[in-house]
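A short write-up of the structure that comes next.
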Amino acid sequence: MFNVVTSVGIIIVNKALMATYGYSFATTLTGLHFAFTTLMTIVLRCLGYIQPSHLPFAELLRFILFANFSIVGMNVSLMWNTVGFYQIAKLSMIPVSCLLEMVLDKIRYSRDTKLSIGLVLVGVGVCTVTDVSVNSKGFLAAFVAVWSTSLQQYYVHYLQRKYSLSSFNFLGHTAPAQAATLLVVGPFLDYWLTEKRVDMYDYNLVSVLFITLSCTIAIGTNLSQFICIGRFTAVSFQVLGHMKTILVLVMGFFFFGREGLNLHVVIGMIIAVLGMIWYGNASSKPGGKERRSYSLPTTRQQKLGAASDSDDNEDKA
C-alpha cells in the first residue's frame, strides 16, 4: 500500500508539474529524486538507523548501468513510439521478468499463476493500448528499456538476498551513484528530447514547491520499491505496477477530466483487477510459484544409502 500510494501520488504531481507548469525535464527530475533520497539515507545513517554494509563495486556498477539505461530507455521509447506501442512494451516486462526468474532463479510457475498473469496483461492492454505503430528506432529503444528495467528489478531482489541488505542499506549504496550520474547526463538528455534547457526554465514559487513535493514523495517511492521487490519478486512487483496503472487512470479521470473514459476502458480495468486478485491467490498457494528442487547426484545418493545401511546394521547389532 505504501508503494501504491507514493507511486500514484508522484505520477499525479509530476503530471501537474509537466502539463500545467511546463517542467518537461524528466531525467533531470529523476536525478533530483535520487539526490533527495541520498540526503534521507545520510540523515538515517547519522541517526543510526542504517548500519554499515558491503556491496561490491562491480555489483553496484552493474546495477547502476541497468537502472540508468532503464530510465533513459523509457524516456526515449516514449519519444520515439506511439503511446500504444509504449504501453505494449511496458506490458512485455512481465514475461521478460518471468523468463529471468525461470532461467536465473529456477522458478517454476503453476498453470493458474501463468493464466492469472495473462489475464492481467489482457485487462491492462484493453484499457491502455490504443493505436499501435512501430519503427526501427522506437523498437530498439523499447527493447533496451524493457530488458534494462527487468534486469534492474531482478537485481534489486538478487543483491538484497545475496548480501543480506535491508532496503535502507541498499538505497544507501545505490541512490548517491544514481543521483550523480543522472544529474550529469539528465540536462543533456532532456535538451536532446525536448530542445529546452533545464537552466533556462522559469522557476517560480509554485513550480519549485511542486518539484520539492515530487522529490519528497520519490523518497517513499524508491524505498517502497526496494521493500516490495526485496520481500517478493520482480514479477509480483510488475503485477503491482499494473494495479498502479489502473489507479493512475482513475485518478487522472478524476483530476484532469473524463475524456477517454468509456465502457471499453472500464471493462479493461475490471479484467485487470480480477487478474491481479487471481494472481495473488494463485501465487500464494503451494506450488504456485516455487524454486525447482533438484535430486542429489547418483553417486552421492548411493553413498548416503550405504551409510544408512551400515547404521541400520549397527543398530541391529
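Here the stretch 1-118 is assigned +1 on the Cβ of each Lys and Arg and -1 on the Cβ of each Asp and Glu. Its dipole about the Cα centre then comes out at about 140 debye. When every Cα-Cα distance of the stretch 123-189 is counted in 10 angstrom steps from zero, the calculated P(r) takes the values 15, 29, 31, 22, 2 percent.
Select from the chain the helices, each a whole stretch of DSSP H, whose alpha-carbon atoms run 18 Å or more along the helix axis and whose Kyte-Doolittle mean is at least -0.5; answer none if there are none. Don't jump to the answer; show the numbers that get you there.
Numbers: long enough: 2-19 (25 Å, 1.64); 26-47 (32 Å, 1.32); 57-80 (33 Å, 1.39); 111-128 (26 Å, 1.11); 136-162 (38 Å, 0.03); 167-194 (35 Å, 0.72); 205-231 (39 Å, 1.54); 234-256 (31 Å, 1.71); 263-284 (32 Å, 1.54); 298-316 (27 Å, -1.91).
Correct list, ordered by number: 2-19, 26-47, 57-80, 111-128, 136-162, 167-194, 205-231, 234-256, 263-284.
Just from its helices, what would the mean residue ellipticity at 222 nm be for the chain, if runs of 4 or more DSSP H residues each count -39500 (n - 2.57) and the sum is divided by every residue, rounded to the nearest 500 deg cm²/dmol? Walk me through the numbers on the way to the answer.
Details: 12 runs with 249 residues, N = 317.
Rounded to the nearest 500, it is -27000 deg cm²/dmol.
Charges only on Cβ, +1 for Lys and Arg, -1 for Asp and Glu: so what's the dipole of the stretch 85-226 about the Cα centre, in debye to the nearest 20? Spell out each step's value before the answer.
Values: 10 positive and 8 negative charges, 114 e Å.
Taking the Cα centre of the stretch 85-226 as origin, the dipole is about 540 debye.
Among the listed pairs 15/90; 114/137; 114/285, those with a Cα-Cα distance over 22 Å are 114/137.
For the charge dipole of the stretch 94-249, defined by +1 on Lys and Arg C-beta atoms and -1 on Asp and Glu C-beta atoms about the Cα centroid, which residue among 104, 126, 183 has the Cα displaced farthest towards the positive pole? Working it through, the farthest residue towards the positive pole turns out to be 104. Taking the Cβ-Cβ separation of residue 108 and residue 134 as r and a Förster radius of 51 Å, what is the calculated FRET efficiency to the nearest 0.05? Once the sixth-power term is evaluated, E becomes 0.95. Taking every alpha-carbon pair under 8 Å whose residues sit at least 6 apart, the stretch 61-198 reaches a relative contact order of 41 percent.
Computed from these coordinates, which is volume of the Cα convex hull per residue in Å³: [x] 300; [y] 155; [z] 183? Among [x] 300; [y] 155; [z] 183, the one calculated here is [z]. The convex hull defined by the C-alpha atoms of the stretch 1-121 has an orientation-averaged projected area of 11.0 nm².
Summary of packing: across the peptides 98-109, 45-56, the per-residue average of other C-beta atoms within 10 Å ranks them, highest first, as 98-109, 45-56.
With an 8 Å cut-off on Cα pairs and a minimum separation of 6 or more residues, tell me the relative contact order of the chain in percent.
On the way: 377 pairs, mean separation 116.5, N = 317.
Once normalised by length, the contact order is 37 percent.
Find the Cα radius of gyration of the stretch 176-230, compare it with 2.2 N^0.38 Å by division, and give the number to two decimals.
Values: Rg = 14.0 Å, N = 55, 2.2 N^0.38 = 10.1 Å.
Compared with the compact-globule rule of thumb, the stretch 176-230 sits at 1.39.
Computed from the Cβ-Cβ distance with R0 of 22 Å, the FRET efficiency linking residue 99 to residue 65 stands at 0.65.
Volume per residue for the stretch 4-70 equals 126 cubic angstrom (convex hull of Cα atoms).
Per residue, what volume in Å³ does the Cα convex hull of the stretch 202-245 take up? Don't skip to the answer; put the middle values down first.
On the way: hull volume 3.5 nm³, N = 44.
Convex hull of Cα atoms, per residue: 79 Å³.
Between amide H atoms placed 1.01 Å from N, distances below 5 Å from residue 50 occur with 45, all of them 5 or more places distant or on a separate chain. The ellipsoid that matches the Cα gyration tensor of the stretch 78-235 has semi-axes, each √(5λ) in whole angstrom, of 30, 24, 15, with the longest given first.
For the chain, what is the charge dipole size about the Cα centre, in debye to the nearest 20, if Lys and Arg each add +1 at the Cβ and Asp and Glu each add -1 at the Cβ?
On the way: 23 positive and 16 negative charges, 45 e Å.
I would put it at about 220 debye.
Every read-out reported here was derived from the displayed coordinates using simple, explicitly stated rules and does not represent laboratory data. These numbers come from a predicted model, not from an experiment. Note that each Cβ is placed from the backbone with ideal geometry, even for glycine, and that neighbours are counted across all protein chains shown.
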